[in-house]
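The block underneath contains the structure these notes are about, expressed in structure tokens.
The values are calculated or read from the model by the stated rules, or taken from the named source; none is laboratory data. A quick note: this is a predicted structure, and the numbers were derived from the prediction, not measured. Here the Cβ positions follow ideal geometry from the backbone for every residue, glycine too, while neighbour counts run over all protein chains shown.
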Amino acid sequence: MKLFGALMGLTGVMFLASLFVGYAAIPIPEGLAALMGRGNPLFVTVMQEIRLPRVLLAAMVGASLGLAGAAMQGFLRNPLAEPGLIGVSGSAALGAVIALQTGLAAAFLLALPIAALTFAALSVGLILLLAGPRGSSLTLILAGIAVSAFAAALTSLTLNLSPNPYAASEIMFWMMGSVANRAMSHVWLALPIMALGWAALAGLGRGLDALTLGEDAAEALGISLSRLRLQLLLGTAAAVGAATAVAGAVGFVGLVVPHILRRFAHGRPSTLLWASALGGAAMVLAADLVTRLVLPDRDLKLGVVMALIGAPLFLHLIYKTRREFA
Amino acid sequence: MTLLTVQNLTVKRGECPVVDGASFTIGPGECVGLIGPNGAGKTSLLRGALGLLPFEGTSTLAALPPRKRAAQAAWLPQTREIAWPMSVERIVALGRLPYLARGARLSPTDQSAVDAALTRMGLQNYRTRLATALSGGEQARVLIARTLAQDTPLLMADEPIAGLDPAAQIATLQVFEALAKEGRAVLTSLHDLSLAGRYCTRLILMGAGRIIADGPPDQILTAARLEEVFHLQANIVPTAHGPLVQPLGVIQ
């Protein structure tokens, strides 16, 4: 409960800070009024149409990646697992890249995220086909690696064949991940799909707790492993696919956040699920804040900042683990 | 009343049957030892009977829906796995999962089952220790306590005393003996024939996938059987605590 309070507080602070820090200096009381649609019309536009969608998306993307990361680590009983492992994010990125390359993305606002979501759904179908309905976690990982590699190859091919350097650089910048310049329609597209994913992943707690004792013991405790696996796969695909569709590739969240919070969750996978959702939201909000505070006029990308924060954190964790086992 | 009835159970690995037409029943009050050489099919028999492996034939446990089965029989697998750094008490409390509603906290009944299991395995002072930081033998005791916390009429264990020190081996088998005296039943595979003879009320001897003999320890542990099934030349001394098996040599 203390952990819940602390994480809620942290996420709340980050959320508010993200709402009120930006290019246009808007005092807090006027900003609040503008959020409700009152006061200076310019402020209303900035708050409602620029900052709110950005902040909401950062929180949603962070929660999705954190939750999916905790679920994936719990299922594979491996602290190195991350949601990108099953190839959904790679495939969603491929869909987006194709939309950018063919010019479909310019046709209408949601063309890119919809293309990304379609490819994410296709990749899950492919993984299910490859890994079979009852396969082990090993076949799942192998199928994920195969799909990721294929998606990465096709993404490179698309870049390779892009007609001009501008298209290529647009694609490159999109792939770095960002929640800037998004509209509320992005939120409305992603939210229902993410919510379905969150519901599926949040329901895994009991099964993941039992899996602490291994697959055999978990099954003897009344857990259906094939159902658990399907639920994990569909939940991750919905949450991470939607996150990639609206924000591009944002790495490290799903890997680092569960890692940091595991100790505070007393190692329990079910506690770690919601803790990582909150922690992921706080971390992506913080990273997005950094993109606006450091070099605000150079359009730093969220994925870049996230990797810059995430990699040293991860190194620190490895160093600590090394000392524990030495 | 029986707790487990297995009839003509066959488990195949590919084409080759690793358990071949096994039939037995287990009733309350029994502590049944499953003995046999490596590869005789002991683990496959136990897992098949639980429905954790595809099998032919019938098993009353495998026929139950998963949650009901978990309330009927606890299972201690041979591989001891504790994936995350959780406290001993939390690991043991996992045994209460089949009784908990989604997201519910431990009820006083659950807590007392956990406390009883910890006490039985002599782990009262380990409650808050991280299970992953314990030695292999201590972890084994924690995992046995987890199955005890499940509080089921039947306990099935696969080599529960492998890797334990002699005192812990005896203490564990005494817990199994006590469970049987309370009217529950235990089915456990083990390799220490003297301990099996001393603490089990009945032994099932397996060889090459078949049940070769099933009965009271002093009738199962004979020099002729050990020679035939284990390829072991042994001296069997009848004592007040059951037959004492002293292995002497290997028959080529």
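So that you can scan it fast, the table gives a plain yes or no per residue for (1) surrounded by fewer than 17 Cβ atoms within 10 Å (Cβ to Cβ); (2) outside any helix (DSSP H, G or I):
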| position | (1), (2) |
| --- | --- |
| A:A59 | no, no |
| A:L80 | yes, yes |
| A:Q101 | no, no |
| A:P113 | no, no |
| A:L117 | no, no |
| A:S148 | no, no |
| A:L157 | yes, no |
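Report, by residue number, each residue of the stretch A:242-261 that is within 10 Å of the chain's Cα centre (by Cα) and either aromatic (F, W, Y) or within 14 Å of chain B (Cβ to nearest Cβ) (or both). Within the stretch A:242-261, A:F252 is the sole residue that qualifies. Residue count for the stretch B:124-149 under the criterion of being assigned to a loop (DSSP other than H, G, I, E, B) and either surrounded by fewer than 17 Cβ atoms within 10 Å (Cβ to Cβ) or touching an Asp or Glu at 6+ places or on another chain (Cβ under 8 Å) (or both): the result is 4.
Could you tell me whether A:F264 is farther than 30 Å from B:L50 by Cβ and within 14 Å of another protein chain (Cβ to nearest Cβ)? For A:F264, the condition - farther than 30 Å from B:L50 by Cβ and within 14 Å of another protein chain (Cβ to nearest Cβ) - is met. Return the residue satisfying two criteria in turn: it lies in the stretch B:55-88 and is free of Cβ contacts under 8 Å to residues at least 40 places away in the same chain and facing another protein chain (nearest Cβ under 9 Å), and of such residues it is surrounded by the most Cβ atoms within 10 Å (Cβ to Cβ). The extreme case among them is B:R69.
Determine whether the stretch A:176-197 contains at least one residue that is more than 17 Å from the chain's Cα centre (by Cα), over 22 Å from A:V250 (Cα atoms), modelled with pLDDT of 85 or more and assigned to a helix (DSSP H, G or I). For the stretch A:176-197, residues more than 17 Å from the chain's Cα centre (by Cα), over 22 Å from A:V250 (Cα atoms), modelled with pLDDT of 85 or more and assigned to a helix (DSSP H, G or I): absent. Among the residues of the stretch A:18-36, is there at least one that is under 22 Å from A:P192 (Cβ atoms), part of a helix (DSSP H, G or I) and touching a residue at least 60 places away in the same chain (Cβ under 8 Å)? No; the residues of the stretch A:18-36 include none that is under 22 Å from A:P192 (Cβ atoms), part of a helix (DSSP H, G or I) and touching a residue at least 60 places away in the same chain (Cβ under 8 Å). Take the conditions away from chain B (no Cβ under 14 Å) and either modelled with pLDDT under 90 or part of a helix (DSSP H, G or I) (or both) and apply them to A:A153. Does it pass? Yes.
Taking the stretch A:216-241 as the range and being within 11 Å of chain B (Cβ to nearest Cβ) and part of a helix (DSSP H, G or I) as the test, the residues that pass are A:D216, A:A217, A:A218, A:E219, A:A220, A:L225, A:R227.
Using the structure shown, decide if B:R96 is within 12 Å of chain A (Cβ to nearest Cβ), within 17 Å of A:R206 (Cα to Cα), touching a His at 6+ places or on another chain (Cβ under 7 Å) and not in a strand (DSSP E or B). So B:R96 does not fit the description; no.
Screening the stretch B:34-54 for residues that are closer than 21 Å to B:D151 by Cα and assigned to a loop (DSSP other than H, G, I, E, B) and picking the one that is nearest to the other protein chains (Cβ to nearest Cβ) gives B:L52. Among the numbered conditions (1) more than 7 Å from chain B (Cβ to nearest Cβ); (2) not in a helix (DSSP H, G or I), the only one that A:L213 does not meet is (1). From the list A:L278, A:L313, A:L300, the lone residue that is surrounded by fewer than 20 Cβ atoms within 10 Å (Cβ to Cβ) and either at pLDDT below 90 or more than 14 Å from chain B (Cβ to nearest Cβ) (or both) is A:L313.
The listed residues are A:L201, A:L225, A:L189, A:L208, and the only one of them that is within 22 Å of A:G74 (Cα to Cα) and surrounded by fewer than 24 Cβ atoms within 10 Å (Cβ to Cβ) turns out to be A:L225.
Restricting A:T271, A:T244 to residues that are among the polar types (S, T, N, Q), assigned to a helix (DSSP H, G or I) and either touching an Asp or Glu at 6+ places or on another chain (Cβ under 6 Å) or surrounded by fewer than 24 Cβ atoms within 10 Å (Cβ to Cβ) (or both) narrows the list to A:T271. Do we find a residue being farther than 30 Å from B:Q233 by Cβ and touching a Pro at 6+ places or on another chain (Cβ under 7 Å) anywhere in the stretch B:53-69? Yes, because at least one residue in the stretch B:53-69 is farther than 30 Å from B:Q233 by Cβ and touching a Pro at 6+ places or on another chain (Cβ under 7 Å).
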